[in-house]
Structures are given as structure tokens and as C-alpha cells.
Amino acid sequence: MTNPGVPLKVAIAHDYLTQRGGAERVVLAMARAFPGATIHTTLYDPDETFPEYADLDVRTSWLNRWRFFRKNHRAALPLLPFAASSMEIDADVVLVSSSGWAHGMRTRGSKLVYCYTPARWLHQSSRYLGDHPGFLESLILFLLRPLLKLWDRRSARDAAAYIAISNLVQDRIHAAYGLDSTVLPAPWPDTRSHDSEPMANVEGWLGGAPYELCVSRLLPYKNVRSVVAAYADEPRRRLVVVGRGPEEEALREMAGDNVLFLQNISDGQLAWLYRGCTALIAISYEDFGLTPLEAASFGRPSVVLRWGGFLETQVEGVTAIFVDQPTPDAVRAGLAAVDASTWDAATIRAHADRYGEDVFVKALHEAVDAAAAQRSPRTWGAGPA
């Protein structure tokens, strides 16, 4: 038990900070919830993730010495369990942000895991790697899957409690680990608080024309390929894609002149894009899906896939148009429905506010206090079996 009157020491753990995604934004919200908390991660590349991390106390594993792995975290897959297990965190409660690795970090305190999904590379490898995975990635997963699954389950069972980002993930946690969990939706990013920073190059490209927005990492399961393909037969429409990833080159090759790709933009620039867009398009297989809530915070509707977390956070006909398949034809039909609908920006913003950071932070503090109350002495967790 913790001593009354003694401040609780909280640390934050995350898989890797090498990209700009929804999970990395959630960690920033956690850091704001617990000022002064150290952040522990296997890999950290300041140039590739959000600039706010430069002002935080980020501590890395031995794996971070190699620039190659900072730039190619997938290539580090066989080493990440060892890197995570080598990290010993001195805290009363470690708030773990994880979809695969950070739940294996060790502490003498309690581990409270905020789970985006049990590891996709183990439990949904075909969706994670896409239809045509590389030979090396496939071979590594085939050879190491039994060992990695054993490590994954042992790491999960060392946690004091699990929090799922959605009901879908709650079911997945139970299926993968046999563990119960509570559900706490992630907060929408605070992009709305930023002043707009107009982008002259985008304004010149648009020439005053309306546009839709797609904010996503360029990975197979995000289905950005179908979004881009939809615009091949919609020459009068404009699409701005914000993000980067392994599919970038292929997407650029297939895109027409009415599709613009951006990356590494500021939150002010992103806020400007949201404020000016007609709608957001997000037809990925998401366990939660932050970007439609981010768009909603600006009063903008979305076209979303009738799947997963979108079913929990979006209201059909009020905040979003749902499509049944992640295909170009479905995207075009969704855009036609957006055009034919009347949208109430104030109602959309009010819906987003239900997922505000203040709600998230209050629930996190309650969960951390509960984890600290059940803390008991324990030995350091075991590394990979």
C-alpha cells in the first residue's frame, strides 16, 4: 500500500515513439494528466513524432542506440520483447500505453495497461502486414510466433488491471489473455485549440475548390488505397492525404492530380485543414478511430467504415455517413451522401465533447489510484521465455 500523504509516483510506458499517430497523441494526454511523469519507450525519434515530446522526460531502451531501428521499428520486431523486458521502471504505478510491447516493461509497482489492441502482429498478422507481406517479415513471424505469444501472455498477466479503448478491444483482451477489463474511450486530440496556420502551397493547389481530408498512417489496414482510388473517377473533387507509411510510394504512383499528399505538418496547419474541409474520410479497420472525433471537434462530418470502433463513437446521419465496404465505390457513395445531407456543426461538436480530455483524465486518475491501492510487493517480471 502507498503511504498516506506521500505523493504517488506515476510513470508512463509506450511501445515506441517513432511516428505521429493516435496512440502517440494519447500518451501526450497522459503526460498532461500526470505532470512530471517520466515516459519510457523502446525507441524514440524526435524528428518523426510530435514535437511536444522534446519537452518531456523520455527514457529509452538500449535498442535506441541504433538509428536504423529508430527509422524502421518493424525491422526491430525480434528484438522488441527483449528491449521492453530490459526496462525497469521505478514508480508506484506505471501507466502503460500499448498495442504490443510496453506491457512487458518491468516495475516493482503496479502496471495499469491502457490497451489499443492485443498485438496485431501476433493476433491479426494478416491485417497488420497486408495482402502481400515481405518474405522476411513473414519468416520472422512464423519462426517466432510461439515464443512471442508466450511472452505476450506472461506480460499481460503481470498487469494489475487492463483498460480497453473500446468494447471491441475489451472482447479481444478477454479472447487473447482471458482477462477482464474496463472500457475508457480515448480523448479526441486537442488540435482545435490551435490557431489555424494557412498553407500557401495547398491554397494554390486548391484554387478555392472544396476538398475532403484523410488523416492516416499509410498502412494496409488503413485502406487509404481505396480512398485514393475513389478520386480517380471523381476529377472534380479534391483530396488531401496527411500521413506517411510503407504504402506512400505506391499511393503516390496511383494518385491523380486531384490528390495532394502532406506529412510532418504542425497542429496549426492540421487545424487549418480540418476547418476548411468538407468531410473526413476514414474507412480503416479501427479498434477505436480518433480522426473522426478530431474532425467532429471542428464540426466536420466523416465518411467511416461500418466496423469496429466507429460503430461506438459515430452517430449515423448526425456525425457521419457509414459505408459497408472499404472500396472505392463505397467511398464515392459515401461522398454523394455527404453532399446530399444537411449537417449541424454545433451538434457534431457537442458529440465530440463527450470524448474530451477532461473526461479521460478524470477516469485515468481514478484508475491509477485504484491500481496503487492494490499494490503489493512483487519480483521483477520475467523477460522473454
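The values are calculated or read from the model by the stated rules, or taken from the named source; none is laboratory data. Here the structure is a predicted model, which means the values were calculated and not measured. Here the Cβ is made from the backbone with ideal geometry for all residues, glycine too, and neighbour counts use every protein chain on show. Only protein heavy atoms, including side chains, enter the accessible area calculation; ligands, DNA and RNA are left aside. Shrake-Rupley method; radii C 1.70, N 1.55, O 1.52, S 1.80 Å.
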- Message: Sorting check: for 11-23, 145-157, which peptide has the highest mean count of neighbouring beta carbons within 10 Å, and how do the rest follow?
- Response: 11-23, 145-157
- Query: Is it possible to state the helix-based mean residue ellipticity at 222 nm for the chain, with each DSSP H run of 4+ residues giving -39500 (n - 2.57), the sum divided by total residues, to the nearest 500 deg cm²/dmol? What is it?
  - Reply: -11000 deg cm²/dmol
- Item | Highest-fluctuation residue, G208, G256, G309 considered, GNM on the chain with Cα pairs under 10 Å | G208
- Taking the Cα atoms of the range 259-385, report the difference between the largest and smallest coordinate on each principal axis, in whole Å and largest first. 60, 37, 30
- Task: Take peptides 86-92, 102-108, 216-222 and line them up by average Cβ neighbours within 10 Å, highest first, as a rough protection proxy.
- Result: 102-108, 216-222, 86-92
- Query: Between the helical axis of 328-340 and the dominant principal axis of the chain, each derived from Cα atoms, what acute angle in degrees is found, rounded to the nearest 10?
  - Reply: 70 degrees
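Percent of accessible area on the chain owned by carbon and sulfur, 1.4 Å probe? Mind showing how you got there, number by number?
On the way: 8500 of 16370 Å².
Exposed carbon and sulfur together represent 52 percent of the surface.
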- Taking the convex hull of the alpha-carbon atoms of the chain and averaging its shadow over every direction gives an area in square nanometres of 18.6 nm²
- Task: With label points built 7 Å along Cα→Cβ from the Cα atoms of R354 and N201, find their separation and express it in nm.
- Result: 3.9 nm
- So how far apart, in nm, are the two label points at Q263 and V315 if each is 7 Å from Cα heading toward Cβ? 3.7 nm
- Message: Helix 135-157 against the longest principal axis of the chain: what's the angle in degrees, Cα atoms only, rounded to the nearest 10?
- Response: 50 degrees
- Message: Per 0.36 nm of contour for each residue apart, how much would the distance between E249 and R157 grow if the chain were fully extended, relative to their Cα-Cα spacing?
- Response: 29.1 nm
- Task: Please sort 293-304, 270-281, 168-179 by packing, taking for each peptide the average over its residues of neighbouring beta carbons within 10 angstrom, highest first.
- Result: 293-304, 270-281, 168-179
- Task: Set the Förster distance to 35 Å, then compute FRET efficiency between L56 and A373 from the Cβ-Cβ distance, nearest 0.05.
- Result: 0.85
- Please check which bits of the range 182-214 a label hung off R275 would reach, taking the label as a point 7 Å along Cα-to-C-beta and the cut-off as backbone N under 14 Å. 191-200
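To the nearest 20 debye, what is the magnitude of the charge dipole of the chain about its Cα centre, counting +1 on the Cβ of each Lys and Arg and -1 on the Cβ of each Asp and Glu?
1160 debye
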- Probe 1.4 Å, protein heavy atoms only - accessible area per residue of the chain in square angstrom: 43 Å²
